[in-house]
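One structure, pasted below without further comment.
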Amino acid sequence: MDRERIQTVSVLVYDGFDELDAVAPFEVFANAGLDARIVSPHGDGVVAASHGLRVETDADHDRPDLVLAPGGGWNDRDNPGAWAEYENRTIPQYLADAHESGATVAGVCTGGMLLAQAGLLDDRPATTHHTATADLEQAGARLADARVVDCGDVLTAAGVTAGLDLAFQLVETIRGRDVASDVKREMEYEPRGKILVAR
């Protein structure tokens, strides 16, 4: 999908997700005027994040243009968390189906492992939280030394706060540099780290 056509965003959540992985990109997308929703492939209701935040999910878009998966709890193999979602495959299947339908798909932190389980990172450059890089390589991705990797239809971000960098990379290519600059100024955000564009 051409980035300029992206209007609807589904930020996936599940029990044990990392709050900042999901909420920070959500705020960037909303501030840029995109129709961003917090959704769960497990159904509507309340989801408990890894540090206790409880989030009520929205109804999902029929066919979201952009889907973002956060990480959370991977390093401890927490259940609930990204590890459990990797194992039960519900979210990876949702991601694979969305991608097959033309959506751009992104993973923040160990949310990238969910993209890997969906088969979306096979032999592609990708990044994740520094403690999960061996797992990412073992899952078939080519580890990139970057804060964000943008392969066009699939993006990954390194640990936690890199989700902001990923979101701004998307906003700049969806809404343009001026809108991205306005949102950066509004949020008092300062970019850092390398963005690898591999499209």
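For N79 and T131 in the same chain, what is the full-extension length gain: residue separation times 0.36 nm, less their Cα-Cα distance, in nm?
Stretched fully, the N79-T131 segment lengthens by 16.9 nm.
Could you please report the charge total around L136, scoring K, R as +1 and D, E as -1 over all other residues with beta-carbon less than 13 angstrom from its beta-carbon?
Taking every Cβ under 13 Å from that of L136, the sum is -3.
Within segment 119-137, whose backbone N sits under 19 Å from a point 7 Å along Cα→Cβ of D145?
Flagged as within label range: 124-137.
From the P(r) of the chain, could you give the percentage of C-alpha pairs in the tail past 29 Å?
Percentage above 29 Å: 12.
Based on the Cα coordinates of segment 31-109, what is the per residue volume of their convex hull in Å³?
108
Each residue of segment 178-183 in order: what ³J(HN,Hα) in whole Hz does its phi give by Karplus 6.51 cos²θ - 1.76 cosθ + 1.60, θ = phi - 60°, with x for Gly and Pro?
5, 5, 4, 5, 4, 5
Using helices alone, I'd like the mean residue ellipticity at 222 nm for the chain: each DSSP H run of four-plus residues gives -39500 (n - 2.57), total over residue count, nearest 500.
-10000 deg cm²/dmol, from helical runs alone.
How big is the C-alpha Rg of segment 71-189 next to the rule-of-thumb value 2.2 N^0.38 Å, as a ratio?
Dividing the Cα Rg of segment 71-189 by 2.2 N^0.38 Å gives 1.05.
Same structure again: Could you work out how much longer the chain between R89 and A48 gets when fully extended? Use 0.36 nm per residue separation minus the Cα distance between them, nm to one decimal.
Value of the extension gain: 12.9 nm.
On full extension of the chain, what length is gained from S181 through K194, given 0.36 nm per residue of separation minus the C-alpha to C-alpha distance?
Gain on stretching S181 to K194: 2.9 nm.
Throughout, read-outs are computed from the coordinates displayed, never taken from laboratory work. None of these values were measured; they are calculated from a predicted model. Backbone-built Cβ (ideal geometry, glycine too); neighbour counts: all protein chains shown.
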